[in-house]
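Okay, structure first, notes after.
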């Protein structure tokens, strides 16, 4: 038997007895960032593929939620900082080795693009909208001419944003549960799934809803595949990663993860969407809310369980 | 120059004097610790074995905390000591989650704080507070690049280990066993 204890009475707040420096702010931001990435990704994708008129909601209306999600996410991120007055230090350096630096600069690109995209399509939502200043009208015309270029930038930057939300965690080898590169694609897939769900919710066009239900089904399939592979990877790895996986395979996070994230957040909405595609009438809000709920829970559980997994003692 | 510390687990009695000395010297806020003592009990009675370790930041050569810092506040200073520049730290806590040794904490003023190897003392030719105060003289501090330094000498003579070497951090805290 082996027992290791700190006998000098260390009790550092947020560190002891178990690390818990990241509370609701980080997972909330990761969800909102992922959602925004999903919305912007589909808008860009269907603009590039010239399907703008077929999927109007996805290209024009739904991305208007992206700047709102991003701003709320940024507020959450700001609240997480402990030395708030120095937040501008993020923008005096570029540190390629730091995922957080990448994230800060990605947000610096993505947020303005999401605002521009919203401004470009605001007349689709409010037909009487008037910019009042000619300069802005001219600027909007310019952006409309450059729409394809903008869509390409948006496609790439939103994919980076989506992946980065996972890389932020996976770059920490001190927390074995996070230290898997599958988190990047998994969080991207989860963000895309949330984005697709919101499009299904907002769209009134039957064929668009059908297309996004198909997309969402496919992404949920990919997510399940990634989750299985994540655990396979953990169980074939070192003892610390086996212990980390066991937090979800019998440990304290087992029930919330498999019930809320996998069953309610993925399997049930997948079945409901599948039934709808087969012609059953199902209130669209149910699978959509479940997908969003699963997406939120995934971030919260991974954030908390990751901080509970460790190398020491 | 590469500063390092060697701690003799055979001589340490776990009195926590190093902890108090550090808190006093560095004005560590009440309720926080930059160093701490770990007691390891191995085996079953009556075959018991005990190890005592005075631990702190490992001032790693490949520091995950320096790597993940988005502003460059966490940096390598003189002799490879890992320090935090207060006015560059935004308190994002990335370094805290990146440290496998849990050696960092958020200072009540908002920035991240940790052991500095008492560089302010070392620069003036003194030993770090914890080393200077140790009643059993179980700690050795010095320059690894200097073969005559106390720490180089003791590491040549004795068997030692580092903590979690498999995390790839190349720690500069050696425990004599």
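Throughout, read-outs are computed from the coordinates displayed, never taken from laboratory work. Keep in mind the model is a prediction, meaning the values are calculated, not measured. Cβ: placed from backbone, ideal geometry, glycine included. Neighbour counts: every protein chain shown.
Roughly how tilted is helix A:25-48, in degrees to the nearest 10 and between 0 and 90, from the longest Cα axis of chain A?
Tilt relative to chain A: about 40 degrees.
Among B:169, A:165, rank each residue by its count of other Cβ atoms within 10 Å, from fewest to most, as a rough exposure measure. Can you show the working numbers first?
Values: B:169 24, A:165 31.
With the sparsest Cβ surroundings first, the list reads B:169, A:165.
Report the FRET efficiency, 1/(1 + (r/R0)^6), for residue A:254 and residue B:148, where r is their Cβ-Cβ distance and R0 is 60 Å, rounded to 0.05. Before the final figure, lay out the partial values.
Numbers: r = 56 Å, r/R0 = 0.94.
Plugging the Cβ-Cβ distance into 1/(1 + (r/R0)^6) gives 0.60.
Given the peptides A:2-10, B:39-47, A:138-146, arrange them by the average over their residues of other C-beta atoms within 10 Å, most packed first.
Output ranking for A:2-10, B:39-47, A:138-146: A:2-10, A:138-146, B:39-47.
Shielding of A:15-22 by partners, i.e. mean partner chain Cβ atoms within 10 Å per residue? Write down the numbers at each step before the final one.
Details: counts 9, 4, 0, 1, 5, 0, 11, 5.
Mean inter-chain Cβ contacts per residue within 10 Å come to 4.
Mind running the shape call on region A:35-190? Use the C-alpha gyration tensor, a ≥ b ≥ c as the square roots of the eigenvalues: rounded below 1.5 for a/c, prolate if a/b tops b/c, oblate otherwise. Numbers along the way, then the final one.
Details: a/c = 2.39, a/b = 1.62, b/c = 1.47.
Prolate is the answer for region A:35-190, as a/c is 1.5 or above and a/b outweighs b/c.
What list do you get for A:80, A:124, A:134 if you sort them by fewest beta carbons within 10 Å? Don't skip to the end; give the middle numbers.
Working: A:80 20, A:124 14, A:134 8.
Listing A:80, A:124, A:134 from fewest to most nearby Cβ atoms yields A:134, A:124, A:80.
Grab the DSSP H runs of the protein assembly as shown that are 4 residues or longer, score each as -39,500 (n - 2.57), total them, divide by all residues and round the 222 nm result to the nearest 500 deg cm²/dmol.
Working: 16 runs with 231 residues, N = 490.
Mean residue ellipticity, 222 nm, calculated: -15500 deg cm²/dmol.
Peptides A:178-185, A:83-90: what's the order by average Cβ count within 10 Å, highest mean first? Don't jump to the answer; show the numbers that get you there.
Working: A:178-185: 20.4, A:83-90: 16.6.
Descending mean neighbour count gives A:178-185, A:83-90.
For chain A, take the longest principal axis of its alpha carbons; what is the angle in degrees between that and the long axis of helix A:206-235, to the nearest 10 within 0 to 90?
Result, in degrees: 20.
Within 10 Å of each residue's Cβ, count the other Cβ atoms and sort A:118, A:254, B:97, A:47 from fewest upward.
On the way: A:118 18, A:254 13, B:97 26, A:47 23.
Fewest-to-most ranking of A:118, A:254, B:97, A:47: A:254, A:118, A:47, B:97.
Where a ≥ b ≥ c are the square roots of the eigenvalues of the C-alpha gyration tensor, would you call region A:130-176 rounded, which needs a/c under 1.5, or, failing that, prolate if a/b is larger than b/c, or oblate?
Details: a/c = 7.10, a/b = 3.11, b/c = 2.28.
Prolate is the answer for region A:130-176, as a/c is 1.5 or above and a/b outweighs b/c.
Where does helix A:147-170 land angle-wise versus the long Cα axis of chain A, in degrees 0 to 90, nearest 10?
Rounded to the nearest ten degrees, it is 10.
Using a Gaussian network model on chain A with a 10 Å cutoff between Cα atoms, which of A:191, A:103, A:73 fluctuates the most?
Highest fluctuation of the listed residues: A:103.
For peptide B:45-58, how many partner chain Cβ atoms fall within 10 Å of a residue's Cβ, on average? Mind showing how you got there, number by number?
Values: counts 1, 0, 0, 1, 1, 0, 1, 1, 2, 1, 4, 0, 0, 0.
Average per residue, whole number: 1.
Assuming R0 = 22 Å, what is the FRET efficiency of residue A:153 and residue A:52, from their Cβ-Cβ distance, to the nearest 0.05?
On the way: r = 17 Å, r/R0 = 0.76.
It comes out at approximately 0.85.
Can you tell me how region A:25-308 classifies by the Cα gyration tensor, rounded, prolate or oblate, using a/c under 1.5 as the rounded cut? Write out the running numbers ahead of the final one.
On the way: a/c = 2.26, a/b = 1.27, b/c = 1.78.
Because a/c hits 1.5 or more and a/b fails to exceed b/c, region A:25-308 counts as oblate.
Determine the shielding of peptide B:100-108 by partner chains: average, over its residues, the number of Cβ atoms on other chains within 10 angstrom of each Cβ.
Numbers: counts 9, 4, 12, 2, 3, 7, 7, 2, 2.
The per-residue average across the peptide is 5.
For region A:116-133 and region A:17-74, what is the separation of their C-alpha centers, rounded to whole Å?
20
How high is the FRET efficiency from residue A:146 to residue A:243, r the C-beta distance, R0 51 Å, rounded to 0.05? Write out the running numbers ahead of the final one.
On the way: r = 51 Å, r/R0 = 1.01.
Here the calculated transfer efficiency is 0.50.
Per-residue counts of other Cβ atoms within 10 Å, averaged by peptide: what ranking do you get for A:32-38, A:157-163, highest first? Before the final figure, lay out each step's value.
Working: A:32-38: 30.1, A:157-163: 24.4.
The packing order, highest mean first, is A:32-38, A:157-163.
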